[in-house]
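Shown next, in structure tokens, is the structure this report addresses.
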Amino acid sequence: MPRYKLVNGISIQLTAEEEALRDAEEQAWLNGAFDRAMVDLRQKRNSLLAQTDYLALSDQTMSAEMTTYRQALRDITNGLTTVADVEAVVFPTKPGA
């Protein structure tokens, strides 16, 4: 299906070169989907870790449950290879501090 662009308010069909360039741009966007999903996942994970960082201070005693929770958060990106893997991630439940 041909694509068009607007030039001075007039719809003009893309040239073969412009079509190829647009196809390459779209493929590059698709190829980066996993990286974007991982960035989002890491941001969420880092936020959850930051919420419990105070428990890791030397004057605090962290429960075994909290230690397990924090380790599960750090390990959450292990083994993910597809966008579907990333989308299927279930974050662990935070134990009581």
Which ³J(HN,Hα) values in Hz, rounded to whole numbers, follow from the phi angles of region 9-15 under the Karplus curve 6.51 cos²θ - 1.76 cosθ + 1.60, where θ = phi - 60° and Gly and Pro get x? x, 10, 7, 10, 5, 5, 6
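Please give the calculated 222 nm ellipticity per residue for the chain, where each DSSP H segment of at least 4 residues contributes -39500 (n - 2.57) and the sum is spread over every residue; nearest 500 deg cm²/dmol?
It comes out at -16500 deg cm²/dmol, rounded to the nearest 500.
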Under the 7 Å Cα-to-Cβ spin-label approximation, E19 and Q71 lie apart by a distance in nanometres of 5.7 nm
On the accessible surface of the chain, probed at 1.4 Å with all protein chains in place, carbon and sulfur together account for a percent value of 56 percent
Length gained when the stretch V7-V83 is fully extended (0.36 nm per residue, less Cα-Cα span): 23.7 nm
Relative to the chain, whose Cα atoms define the longest principal axis, helix 16-31 and its Cα axis are tilted in degrees, nearest 10, by 10 degrees
Tally Lys and Arg at +1 and Asp and Glu at -1 over the other residues with C-beta under 15 Å from the C-beta of Q71: what net charge comes out? +1
Förster radius 30 Å - calculated FRET efficiency between A28 and L48, Cβ distance, rounded to 0.05: 0.45
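Provide, as a two-decimal number, the C-alpha radius of gyration of the chain over 2.2 N^0.38 Å, N being how many residues it has.
1.80
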In degrees from 0 to 90, rounded to the nearest 10, what is the angle of the helix 64-75 Cα long axis to the longest principal axis of the chain? 20 degrees
Cα-based helix-to-principal-axis angle, 33-50 vs the chain, degrees rounded to 10: 30 degrees
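The values are calculated or read from the model by the stated rules, or taken from the named source; none is laboratory data. Everything numeric in this text was worked out from a predicted model, so none of it was measured. Note that we place each Cβ from the backbone using ideal geometry, even for glycine, and neighbour counts take in every protein chain shown. Please note that ligands, DNA and RNA were not included when accessible areas were found on the heavy atoms of the full protein model with its side chains. Shrake-Rupley method; radii C 1.70, N 1.55, O 1.52, S 1.80 Å.
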